[in-house]
Each structure stands twice: as C-alpha cells, then as structure tokens.
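Read the structure below first, then the notes.
The values are calculated or read from the model by the stated rules, or taken from the named source; none is laboratory data. Predicted model only: the values in this text are computed from it and were never measured. Neighbour counts are summed over all protein chains in view; Cβ atoms, including those assigned to glycine, are modelled from backbone coordinates with ideal geometry. Note: accessible area is taken over every heavy atom of the protein model, side chains too, but ligands, DNA and RNA are not part of it. Shrake-Rupley method; radii C 1.70, N 1.55, O 1.52, S 1.80 Å.
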Amino acid sequence: MSVPSENVSVQHGQPLVGAEPYYVPITDEITVFEQCHQHQLAVMLKGPTGCGKTRFVEHMAWRLQRPLITISCHDDLTASDLVGRFLIQHDQTVWQDGPLAIAARQGAICYLDEVVEARQDTVVVLHSLTDHRRTIALEKTGEVITAAPGFQLVVSYNPGYQRMLNDLKPSTRPRFVALEFDFPSETTETEIVAHEGGVSSLVASRLVTLAHQIRGLRDRGLAEVPSTRVLIAAARLHAGGIALERACELAVIAPLSDDETLIAAMNDLITLTLKR
Ligand SMILES: Nc1ncnc2c1ncn2[C@@H]1O[C@H](COP(=O)(O)OP(=O)(O)OP(=O)(O)O)[C@@H](O)[C@H]1O
Ligand SMILES: [Mg+2]
C-alpha cells in the first residue's frame, strides 16, 4: 500500500475556456498538431529551453477545447505517481487516480514536460495509451481504462540536455509524431518579445539582434544560449524602467555563464548592439 506522495506536480485541467493563450506559429506546427489530435496520434515536442513548447501546448488545448493536465517529469517519478494509488482516508483505503488516469477518463490533453527526466520503467506505462489500444491498466484495482475521445498524449524534452543514460527507449520513440522546435526567425521573435515584454518593436528587435549574436557564441563554449524567454524577461525589466543594457546584463548575460571571458565577450556584444 502506498502512502500519499508529493512526488508529482500536476496542474489538473479544466477546458481552457478563457482568453486564447498567445502563440505565434513558427511553421506548420498548428496544422500538424490538429491532424495528430484528429487521428489520435501522440506528439513529441523537441527543442531548446524557452522556445515556446509549453505555450504551444496551452494554445492547442485552448484551440481544441480540451482540458490540459501537465506533469513535470523527474527521476523519482514512479508509475504509481502517473497511474494512481491506494490512499488511507478515515481508516479506509480508497483508490485515487493519478494524472494519467484522470486525463484518460476526461479525454484531456496530457502533457509530460521533460519526459527524458523520468525513468524508462516509468515511461513504459504510456505505451498502451499510444497505440491502437488507447488503454491504461490499473493493476492494483484490476480496472482497464479506455481513453475517452479527445485524450492525447504530448511529451516534450530538450535534446541538448540529453545524457547517455537519460534517453527514451527505442520502443518508446516511434510511438510519437515528433515536432522539432527552435527559436523563431528574427521577425517573429521580435513580434513575440514586443508583445510579451511590453516594449516597442524597435527595442524588441535590438534584443533579438543581441540574442542572435550571442547564440553565435555557442561554438566558443557557451553551453546555454539566450532563449525567447530571457529576452522577454529583459524586455519586461526595461519596460519597468531599467536601462536596456542593464536589463540585458541581468536577464540575458549573467544567468548564462560564470566564465569571465565569455561574459566579457557578451558584454562587448551589448556595447556593439545596444549602445550604437
Ligand atoms: N511562438 C511563440 N508565440 C508566443 N509566445 C512565445 C512563443 N515562443 C516563445 N514564447 C514566449 O516565450 C516564453 C517561454 O516559452 P515556453 O515556456 O513555452 O518555453 P518551453 O519551450 O516550454 O521551455 P522549457 O523547455 O524551459 O520548458 C513563453 O512564456 C512565451 O511568452
Ligand atoms: Mg516548458
């Protein structure tokens, strides 16, 4: 018998009836996702941190009018955390569905973020939901849930962080249609940063130009490059009254590296790009 666990962080989904989550398409990902949903195909989103994967899923759940259940994966996540467990309540044992079982019953979109962080023996419970069976077996109660129409599995990960021992099983990968994400074109990223950061297109385009230059330093040992997310953070600081160069130091440069040579190179890029 399992005891209640804090091992899973889930946002239980309601149909997203509120405002449309802002999302600017990069290529054909909206059409592809809609097709996958219609044909009950699971989707894998691959791409660097902060490039819009989560926002895309929120947007698609809204478009398709499905509840969204998000699970943040980590290496302590167990199959029971996903499927469910018996809990003791008032001297009785009661079954409590896990987020995957809830999503299957509700016909929700179930989004497993950073799926490669979960152990392979945990990820295997997804298999029966990703093929023609569309079922999940609750071994401890004997129930087999058939996923309601509208149920869709979405996983995401950042291939750059993948480690040898932290990969999806070869038998898991082909169960998904893979959509590759990357940072948007300069024009699209400028539009996003202006909208989300509350700055003018001119300021946004300067931030995006800086980001492109810093992204070029990846070959010089920079492990992580500035994402759309950090540009939005810099834009927000600037919109709140902080000088643009200082906002970039705080939100874009300092978080990326502790290496003094790299920081100096990035500060030079700020001087070249923003102080012209
Ligand atoms: N195409 C886009 N349209 C609208 N906003 C976007 C887009 N891409 C990125 N953003 C903005 O960038 C922010 C970061 O994106 P998001 O959180 O979706 O990244 P992610 O790929 O899920 O990152 P992580 O891998 O770290 O979870 C979003 O909150 C949103 O403001
Ligand atoms: Mg995310």
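Total residues in the stretch 19-62 satisfying the condition of being touching a residue at least 40 places away in the same chain (Cβ under 8 Å), within 13 Å of ligand 2 (Cβ to nearest atom) and not in a loop (DSSP other than H, G, I, E, B): the figure is 7. A residue that is hydroxyl-bearing (Ser, Thr, Tyr) and surrounded by fewer than 18 Cβ atoms within 10 Å (Cβ to Cβ) occurs nowhere in the stretch 222-236. Set side by side, the residues 45, 64 differ, and just one is touching a helix residue (DSSP H, G or I) at 6+ places or on another chain (Cβ under 6 Å) and farther than 17 Å from residue 130 by Cα, which is 64.
Looking across 70, 122, one residue alone is outside any strand (DSSP E or B) and of a type in the set (Val, Ile, Thr). It is 122. Here the condition is being assigned to a helix (DSSP H, G or I) and of a type in the set (Asp, Glu); of 189, 224, it holds for 189 alone.
In the stretch 60-72, the condition of being more than 16 Å from ligand 1 (Cβ to nearest atom), of a type in the set (A, V, I, L, M, F, W, C) and surrounded by fewer than 17 Cβ atoms within 10 Å (Cβ to Cβ) is met by no residue.
Among the residues of the stretch 193-220, the ones that are open to solvent by 10 Å² or more (accessible area, probe 1.4 Å) and in contact with a Phe, Trp or Tyr (Cβ under 9 Å, 6 or more places away or on another chain) come to 4 in all.
Matching residues to (1) out of contact with any Asp or Glu (no Cβ under 8 Å at 6 or more places or on another chain); (2) of a type in the set (D, E, K, R); (3) closer than 30 Å to residue 247 by Cα; (4) modelled with pLDDT of 95 or more:
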position: 117; (1), (2), (3), (4): no, yes, no, no
position: 125; (1), (2), (3), (4): yes, no, no, no
position: 135; (1), (2), (3), (4): yes, no, no, yes
position: 166; (1), (2), (3), (4): no, no, no, no
position: 175; (1), (2), (3), (4): no, yes, no, no
position: 179; (1), (2), (3), (4): no, no, no, yes
position: 198; (1), (2), (3), (4): yes, no, yes, yes
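The requirement of being within 16 Å of ligand 2 (Cβ to nearest atom) and charged (D, E, K, R) is fulfilled somewhere in the stretch 97-114, by at least one residue. Every test in (1) of a type in the set (Asp, Glu); (2) more than 26 Å from residue 21 (Cβ to Cβ); (3) buried (at least 18 other Cβ atoms within 10 Å of the Cβ) is passed by residue 189 save one, and that test is (2). Here residue 160 fulfils each of the conditions (1) on the phi < 0 side of the Ramachandran plot; (2) surrounded by 14 or more Cβ atoms within 10 Å (Cβ to Cβ); (3) not hydroxyl-bearing (Ser, Thr, Tyr) apart from (2).
Looking across the stretch 81-100 at every residue that is of a type in the set (A, V, I, L, M) and crowded, with 21+ Cβ neighbours inside 10 Å, the one that is farthest from ligand 1 (Cβ to nearest atom) is identified as 83.
Residue count for the stretch 200-214 under the criterion of being closer than 14 Å to residue 247 by Cα and in contact (Cβ under 8 Å) with a residue 40 or more places away in the chain: the result is 5. Against the criterion of being assigned to a loop (DSSP other than H, G, I, E, B), more than 14 Å from ligand 2 (Cβ to nearest atom) and more than 30 Å from residue 215 (Cα to Cα), residue 81 does not qualify. Of all residues in the stretch 175-212, those being away from ligand 1 (no atom under 15 Å from the Cβ) and within 20 Å of the chain's Cα centre (by Cα) number 3.
Among the numbered conditions (1) buried (at least 18 other Cβ atoms within 10 Å of the Cβ); (2) within 16 Å of ligand 1 (Cβ to nearest atom); (3) of a type in the set (Gly, Ala, Ser), the only one that residue 147 does not meet is (2). Under the condition of being in a loop (DSSP other than H, G, I, E, B) and among the basic types (Lys, Arg), the residues counted in the stretch 94-119 number 1.
For the stretch 50-57, the count of residues that are at pLDDT below 95 and either open to solvent by less than 60 Å² (accessible area, probe 1.4 Å) or among the aliphatic types (A, V, I, L, M) (or both) is nonzero.
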